[in-house]
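The values are calculated or read from the model by the stated rules, or taken from the named source; none is laboratory data. None of the values given here were measured: they were computed from a predicted structure. Reconstructed Cβ throughout: ideal geometry from the backbone, glycine too, with neighbour counts over all protein chains shown. Heavy atoms of the whole protein, side chains included, go into the accessibility calculation; ligands, DNA and RNA do not. Shrake-Rupley method; radii C 1.70, N 1.55, O 1.52, S 1.80 Å.
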Amino acid sequence: MHFLDQAKIYIKSGWGGPGAVSFRREKYVEYGGPDGGNGGKGGDIIFEAVAGLNTLIDFRYTQHFKAQRGLPGAGKNRYGAGGEDLVIKVPVGTQILSDPQPIEGTEDEDGYPDYEEQELLADFTEVGQRLVLLRGGDGGRGNLSYKTSTNRAPRQHGTGWPGQEMWVWLRLKLLADVGLVGMPNAGKSTFINQVTNTKAKVGAYAFTTTKPQLGVVLHRDREFVLADIPGLIAGAAEGAGIGDRFLGHIERCRVLLHLVDATGDDPVEQFRIVQDELAAYDEGLEDKPQIVALNKGDLLGQELMEDIAAQLREEAGVEDVFIISGATGEGVPALLDAVLPLLTEPKAEESADGEGDAPWSPI
């Protein structure tokens, strides 16, 4: 299955059905009268977050979604049936954003206008979460509803109210507990393969990971979700390399696990570059709890690894830098032991709401 984390789609709710123009002819009713029923309401556009989806690839092949129109009313005061709602299923972690429109009169010398600010319309963070984004139009009135004491045989009717329509952007931000960050070829894919059942691509060249990977870590009878994103290089915030597009997938992580390649030319500089890119992304990533691990410890001597770790401790301002080997698994259990306590701490927003006493769960 191909991974796609953003898509643009067109959605339109259903029109209301037209009201009916009808007159009754009944025995013992001398003059009869109008009996046209109202039209049915148009279908709504509903978004629902469901389990089992982790990509927006379906929206690459289907971009237009239209709900059913309400059925027309009929004689004998029969109302038209409402149009069927259209439920669009999306992965948990999907955001719905408006499509910015150009602002008139703001063209620059090259003819490019400024655009409106993109608005967040919905954010689906739980399985089963539903939202009626566009409401269907109401049905038109039948001629019975127009009858008055002075207008005994009305022939007017409502044609039904139009539905709503708009273009929206879908953006997927994967939900994980721990996010892996680091320079390209730092061994992140090897690490996630070591601690999970993920079969991430591994190669002796940069950018083997071109899309986010998710895996479930089982350690000391505890489970948590680990996310691996493509490596960051200097200037990623300005679009260098793969850019910072995939950093959105670790915005909601509780902990960041920063892997540093011990065999690189300057491990301390590698650490500094990634930290600068996290800060440039400006979504609070640099403020998240972070664990630093010096990877590929099986390729260098212990004395040299300790020296590099000491330099990283001074640069990162942390008490400990873990020396591990993603290939052999050496030092990995101790690293995972350090991750678990950070996951049991309540989130800041939970503490503010007084809900921090609930036990931690990855679900």
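Here are some notes:
- Taking Cβ atoms as reference points and 10 Å as the exclusive limit, the residues near Phe224 contribute a net charge of 0, counting Lys and Arg as +1 and Asp and Glu as -1.
- Ranking Ile103, Ile46 from most to least accessible surface, computed with a 1.4 Å probe over the protein chains only, gives Ile103, Ile46.
- Prolate/oblate/rounded label for the range 248-327 (Cα gyration tensor, a/c 1.5): prolate
- Area of Tyr115 that stays accessible when all protein chains are in place (1.4 Å probe, Å², to 10): 130 Å²
- Summed residue charge, Cβ within 9 Å of Pro34's Cβ, Lys/Arg positive, Asp/Glu negative: +3
- Note on the chain: dipole from Cβ charges, positive end direction compared against Leu257, Thr198, Leu285; the farthest Cα belongs to Thr198.
- Accessible area of the chain belonging to carbon and sulfur atoms, whole % at 1.4 Å probe: 48 percent
- Summing charges over all other residues whose Cβ lies under 14 Å from the Cβ of Leu172, with Lys and Arg as +1 and Asp and Glu as -1, gives +4.
- With the biggest extent put first, the Cα atoms of the range 1-115 measure 75, 46, 20 Å across the principal axes.
- 28 Å Cα-Cα threshold exceeded, pairs from Lys8/Lys211; Lys12/Lys211; Lys89/Lys288: Lys12/Lys211; Lys89/Lys288
- Ordering Gly331, Leu121, Thr159 by Cα displacement along the dipole of the chain toward the positive end leaves Thr159 in first place; charges were set at the Cβ atoms of Lys, Arg (+1) and Asp, Glu (-1).
- Each helix, a run of at least 4 DSSP H residues, gives -39500 (n - 2.57); summed and divided by the residues of the chain, these come to -5000 deg cm²/dmol at 222 nm.
- Rounded to the nearest 20 debye, dipole of the chain from Cβ charges on Lys, Arg, Asp, Glu: 3800 debye
- Straight-line cross-link partners of Lys41 among the aspartates and glutamates, defined as a Cα under 19 Å from its Cα and at least 8 positions apart when in the same chain: Glu84, Asp85, Asp138, Glu165.
- Binned Cα-Cα distance frequencies in the chain - 20 Å width, integer %: 23, 40, 22, 11, 3, 0
- For the range 48-56, 3J(HN,Hα) per residue [Karplus equation, 6.51 cos²θ - 1.76 cosθ + 1.60, θ = phi - 60°, Hz, x = Gly/Pro]: 9, 8, 10, 7, x, 10, 9, 7, 9
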